[in-house]
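Trainee: Quick one: the structure is below, questions incoming.
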Amino acid sequence: MAPLPSHPITTRHVLSQLLTLLLIHSSATAALPVNVWPKPTSISWSSPHTIASLSPTFQFDCPSSNRYLSAAVSRYHRLISSERHRPISDPTTKFSTSPTPLQSLSISVADLAAPLVHGADESYTLSIPNYAAADATANLTAATVWGAMRGLETFSQLVWGRLHGRRVPIGIEIRDAPLFGHRGFLLDTSRNFYPVEDILRTIRAMSYNKMNVFHWHITDSHSFPLELPSEPGLAAKGSYGRGMRYSVADVGRVVQYGYEHGVRVVPEVDTPAHTGSWAGAYPEIITCADKFWWPAGSSWADRLASEPGTGQLNPLHPKTYTVVGNVINDIASLFPDPFFHAGADEVVPGCWKTDPSIQSFLSQNGTLSQILETFINKTFPQIISHNKTAVYWEDVILDAGIKVNPAVFPPEHTVFQTWNNGPNNTKLLAAAGYRVIVSSWEYYYLDCGHGDFLGNDSQYDPPPTSSDVDSNGGSWCGPYKTWQKVYNYDITYGLSEVEKGKVLGAEVALWSEQADGTVLDGKVWPRAAAMAEAMWSGNRDEKGRKRFAEATDRLNEWRYRMVGRGIKAEPIQPLWCLRNPGMCNTVQPFVPQ
């Protein structure tokens, strides 16, 4: 028997609920042939439901002097010509009175030479006229090539239907620009290796979702898969094997593919911690390499690493700076993006304390923070000497134990990426005047919720009592971060207007202890798409209300379209929900827990 409701049910209440259900169902069943993800900032449609055919000889008319725009135009022409997407729920439409199919899209770009950097203008306007009184040409105008690419993606999503029955809405105008200039995805390729094709497919999926930064966490303690001209021994002895390395040619291929898709490739070679994989080539500059990460009988505070895979660079060894200097120079040469991510997270005291030279330094009243500051003072100037902005994880100035005086980091040359303590750490960094990238693990870590990879872990065997819920699933970062949780995170929560201006945007992250190319697409998509829309046009409607309920049907449809484009995104609902719009919603009032 169902429990009695906690409040009396009145006739008025029942009628109100039924009316709400009818409104939801009727609005959903009136499906429109417009489902752009991420949702544009402004759409006006003078003739709702009016569509026209797309000509079998449809063409793009655009300038040819920019190779990246030319590559994008060719790509979208192939996509529109070959895609066979049809909405799962048939849209309500009526044909234009004009018998003429849409013949072309005219593209105009104000600045063909604007570089792909943070802050590049990605705005565009797309107009498809009701051409009963106009010629059969749509228009796309953008300030830069990168904005034109976003407009091309939007146009591609407006087209639907089969080869000889492709449709497009007309009488529609879209004015669009992102809220945040940094909309990224971090992929860790050290703990498990990803072939280049997996990376390229990911970048392609990012461009579909108007994301623009691929943060490549290339190396870590587990492996060093990047072949560097000045330090070939690092990959030769630190990778998982000959077939699990990225050559200079591979890097060039990824970088160029990124440009062609409007996606910046930002490299990260994490130092001075997370460097155990360097020990194969240079054992003398790595402390606690190849030791058991958490010695039996020791406290957590005395661990040598925060997970299996030990090793940290020794900032007191002179050769450290020769090797690191070569690495910095090679990375700066291979990756043209102005951002250089230098890591600097999770320096573990126990690892450094195993080294005799560091023990001697500490015995003379030195501190571990001074050792870290020595490292930063010698490497930070070299990074910015390449006209780079140095990006660091927040730990380097916010860690409770080992941290550097913020005065070392001029705000004009430094960006911090936050991953701890939700909006609180974002506020600490922004209030200090620093630009911030938000990757709060509580919302944006896509690897969370799959347990942990440790053996012999008692978290996997809680007592079988009714009161035990095992809320974290045996993982420090559990539970699983649902697409709704990703979508609903307000990355500037609690910030002043000045502080909000310091937030560049956000990144979702896939750390790869339990991921590789076989599960990549499903773990990333469509959850990364949820962040993409929140960063592009926000997660609230025009009345300021969270719009994740309205977004559900759109994301569901978009997921199917991504699958059709070769991205194996996981489902978010039964297919039945798309075939029965509105029936998978709830009309019960939301009660915060």
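Trainee: Is it fair to say residue 130 is part of a strand (DSSP E or B) and either within 23 Å of residue 57 (Cα to Cα) or in contact (Cβ under 8 Å) with a residue 60 or more places away in the chain (or both)? Reasoning before the result, please.
Mentor: Values: part of a strand (DSSP E or B): no; either within 23 Å of residue 57 (Cα to Cα) or in contact (Cβ under 8 Å) with a residue 60 or more places away in the chain (or both): yes.
No, not satisfied.
Trainee: Still on this structure, please answer the following. Could you give me the residue pairs with C-beta distances under 6 Å whose first residue belongs to segment 341-364 and is within 23 Å of residue 292 (Cβ to Cβ), whose second residue is of a type in the set (Lys, Arg) wherever it lies, and which are 6+ apart or on separate chains?
Mentor: Going by the 6 Å Cβ cut-off, the qualifying pairs are 350/303.
Trainee: Output the residues belonging to segment 351-397 that are surrounded by 19 or more Cβ atoms within 10 Å (Cβ to Cβ), within 30 Å of the chain's Cα centre (by Cα) and hydrophobic (A, V, I, L, M, F, W, C).
Mentor: Correct list: 372, 375, 376, 380, 383, 390, 391, 393, 396, 397.
Trainee: Would you point out the residue of segment 239-254, among those that are open to solvent by 10 Å² or more (accessible area, probe 1.4 Å) and of a type in the set (A, V, I, L, M, F, W, C), that is farthest from residue 119 (Cα to Cα)? Don't jump to the end; show me each part of the working.
Mentor: Restricting attention to segment 239-254, the residues satisfying the condition of being open to solvent by 10 Å² or more (accessible area, probe 1.4 Å) are 239-245, 247-250, 252-253.
In the following step, the residues that additionally are of a type in the set (A, V, I, L, M, F, W, C) were identified as 244, 248-249.
Numbers: 244: 34, 248: 28, 249: 28 Å.
Here the answer is 244.
Trainee: So, one more: For the subset of segment 119-171 comprising residues that are over 30 Å from residue 505 (Cα atoms) and of a type in the set (D, E, K, R), which member is least open to solvent (accessible area, probe 1.4 Å)?
Mentor: Ranking the qualifying residues of segment 119-171, first place goes to 166.
Trainee: Going through segment 81-94 one residue at a time, which ones are touching a strand residue (DSSP E or B) at 6+ places or on another chain (Cβ under 7 Å) and surrounded by 13 or more Cβ atoms within 10 Å (Cβ to Cβ)? Give the steps one after another, and end with the answer.
Mentor: Let us first name the residues in segment 81-94 that are touching a strand residue (DSSP E or B) at 6+ places or on another chain (Cβ under 7 Å), namely 85-87, 93-94.
Hits for segment 81-94 are 85, 86, 87, 93.
Trainee: Kindly provide the set of residues from segment 214-238 that are touching a Phe, Trp or Tyr at 6+ places or on another chain (Cβ under 8 Å), surrounded by 23 or more Cβ atoms within 10 Å (Cβ to Cβ) and assigned to a loop (DSSP other than H, G, I, E, B), ordered by number.
Mentor: Hits for segment 214-238 are 223, 224, 225.
Trainee: Further question on the same structure: Here are some residues: 314, 329. Which one is open to solvent by less than 10 Å² (accessible area, probe 1.4 Å), at pLDDT 95 or above and either of a type in the set (S, T, N, Q) or out of contact with any helix residue (DSSP H, G or I) (no Cβ under 9 Å at 6 or more places or on another chain) (or both)? If you could, list the steps in order and put the result at the bottom.
Mentor: Working: 329 fails: open to solvent by less than 10 Å² (accessible area, probe 1.4 Å).
Unique residue meeting the criteria: 314.
Trainee: When you scan segment 500-550, how many residues do you find that are on the phi > 0 side of the Ramachandran plot and within 11 Å of the chain's Cα centre (by Cα)? Don't jump to the end; show me each part of the working.
Mentor: Quick first cut of segment 500-550, residues on the phi > 0 side of the Ramachandran plot only: 505, 538, 544.
Right, trim to within 11 Å of the chain's Cα centre (by Cα) and you get 505.
Adding up the residues that qualify gives 1.
Trainee: Can you name every residue in segment 172-191 that is over 30 Å from residue 221 (Cα atoms) and open to solvent by 10 Å² or more (accessible area, probe 1.4 Å)? So that I can check it myself, show each step before the final result.
Mentor: Of segment 172-191, the ones over 30 Å from residue 221 (Cα atoms) are 172-181.
Correct list: 173, 175, 177, 178, 179, 180, 181.
Trainee: Also, I was wondering about something else. Go through segment 523-553 and report how many residues are at pLDDT below 95 and open to solvent by less than 30 Å² (accessible area, probe 1.4 Å).
Mentor: Qualifying residue count, segment 523-553: 3.
Trainee: Would you list the helices (runs of 4 or more DSSP H) that sit entirely within segment 242-359 and hold 1 or more residues that are among the polar types (S, T, N, Q) and touching a Lys or Arg at 6+ places or on another chain (Cβ under 9 Å)? Before the answer, list the steps.
Mentor: On the way: elements: 248-260, 318-334, 349-352.
Answer list for segment 242-359: 318-334.
Trainee: Filter segment 398-413 for residues that are in contact (Cβ under 8 Å) with a residue 12 or more places away in the chain and assigned to a loop (DSSP other than H, G, I, E, B); which is surrounded by the fewest Cβ atoms within 10 Å (Cβ to Cβ)? Break it down stepwise before answering.
Mentor: Our first condition is that a residue be in contact (Cβ under 8 Å) with a residue 12 or more places away in the chain; within segment 398-413, this holds for 398-399, 401-406, 408-409, 411, 413.
Pick out the ones that are also assigned to a loop (DSSP other than H, G, I, E, B) and you get 399, 401-405, 409.
On the way: 399: 18, 401: 12, 402: 21, 403: 18, 404: 22, 405: 10, 409: 20.
Of everything passing the filter in segment 398-413, 405 is surrounded by the fewest Cβ atoms within 10 Å (Cβ to Cβ).
Trainee: What number of residues within segment 485-514 satisfy the criterion of being of a type in the set (Phe, Trp, Tyr) and touching an Asp or Glu at 6+ places or on another chain (Cβ under 8 Å)? Before you say what the answer is, go through the steps one by one.
Mentor: Start the filter on segment 485-514 by keeping residues that are of a type in the set (Phe, Trp, Tyr), which leaves 487, 489, 493, 511.
Checking the rest, the ones that are also touching an Asp or Glu at 6+ places or on another chain (Cβ under 8 Å) come to 487, 511.
Of the residues in segment 485-514, 2 are of a type in the set (Phe, Trp, Tyr) and touching an Asp or Glu at 6+ places or on another chain (Cβ under 8 Å).
The values are calculated or read from the model by the stated rules, or taken from the named source; none is laboratory data. Remember, predicted model here, so these are calculated numbers, not experimental data. Cβ atoms come from the backbone with ideal geometry, glycine included; neighbour counts cover every protein chain shown. To get the accessible areas, we keep the full protein, side chains included, count just its heavy atoms, and leave off ligands, DNA and RNA. Shrake-Rupley method; radii C 1.70, N 1.55, O 1.52, S 1.80 Å.
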